[in-house]
Amino acid sequence: MKEVWSGKLKLGGLFLFPDKLVLNFVKSVEYFEPRDWMSVDINLTNVTVLAGLTVYKFDTRELYHIHRVYELKRQKIQKISGWNKKLSKSLLKKYSNRERNRTKDFLHKLANKIVEIAKEKQMGIILENLNGIKENLNGSKELNRKLSKWNARELQRLIEYKAKWSGILVVYVNPRNSSRVCPACGGWLIPQEGRLVECSNCGLVEDRDFIAVLNLRMWGVRGSPERVGGFEGFSDEGPMKTNPYGIMAVEKQRIGVKFIKIYKISS
């Protein structure tokens, strides 16, 4: 409300519905020049963020659990439709609304936290270009089922509009092979035990999620190498030139970080 009274927000329109009145406000935003850039890698069970020399990991298993719970409820409700379609329809609507509200609440809280970090550190945000990813599902039936419940693009949409609302720049990069290419030498990474990967060329061993956000951050800054399919980021200009990982990458040493912060978002 402070922004309304201060004149920062202008009324854009009124939308009248049977049960509510929606006011649409327009805000003029002045983007700040980022001191650096943070990258965001969205996985099935976590969201990993690299901001400077700090890695943030957000546990999103609860979000998958929400979808799975309501999927099972719908399966049970469908058995009712054979003898009571009205009741079945009513229950489906009820639980679909609950699933949507819980999902929306979870995603908003997660997006708020990510944008809060960017704002606090005065950083731009680098996201993956995921256009068409769900349309090209060709894995196993189990993987396709999991990906169908993946809210990656909706989370990106929330991050982008919340970031722009705060004057934070957002760019997208091609994420192809971001967890398969070594950030130190460009060699191919081989899966190891757990989430670890090892470079077949220089021997670097790291967590695959950290590798992904590190590559996304570097590609967003200077452009991805030809082998990973190009990029949509900016060219090397201004703050985009900063790369605190360059020396470590050249020396081909284990790429480390100062802190790892793990968050669990509750819906």
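Every condition in (1) under 20 Å from His108 (Cα atoms); (2) open to solvent by less than 40 Å² (accessible area, probe 1.4 Å) holds for Glu160 except the one numbered (2).
The sole residue among Leu110, Leu127 that is surrounded by 12 or more Cβ atoms within 10 Å (Cβ to Cβ), part of a strand (DSSP E or B) and either modelled with pLDDT of 80 or more or among the polar types (S, T, N, Q) (or both) is Leu127.
Scanning region 176-192 for residues that are more than 24 Å from Leu130 (Cα to Cα), open to solvent by 40 Å² or more (accessible area, probe 1.4 Å) and under 25 Å from the mean Cα position of the chain (by Cα) turns up just one, Gln192.
For every residue, the table says whether it meets (1) outside any strand (DSSP E or B); (2) modelled with pLDDT of 70 or more; (3) closer than 23 Å to Lys113 by Cα; (4) among the acidic types (Asp, Glu).
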| position | (1), (2), (3), (4) |
| --- | --- |
| Glu3 | yes, no, yes, yes |
| Gly7 | yes, no, no, no |
| Leu16 | no, yes, no, no |
| Val22 | no, yes, no, no |
| Glu33 | yes, yes, yes, yes |
| Trp37 | no, yes, yes, no |
| Leu50 | no, yes, yes, no |
| Phe58 | no, yes, yes, no |
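Number of residues in region 197-214 that are under 25 Å from the mean Cα position of the chain (by Cα) and either assigned to a helix (DSSP H, G or I) or at pLDDT below 90 (or both): the value is 10.
The values are calculated or read from the model by the stated rules, or taken from the named source; none is laboratory data. In this text, all values refer to a predicted model and were calculated from it rather than measured experimentally. Using ideal geometry, Cβ is built from the backbone for each residue, glycine included, and neighbour counts are taken over all protein chains shown. The area values use the complete protein model at the heavy-atom level, side chains included, leaving out ligands, DNA and RNA. Shrake-Rupley method; radii C 1.70, N 1.55, O 1.52, S 1.80 Å.
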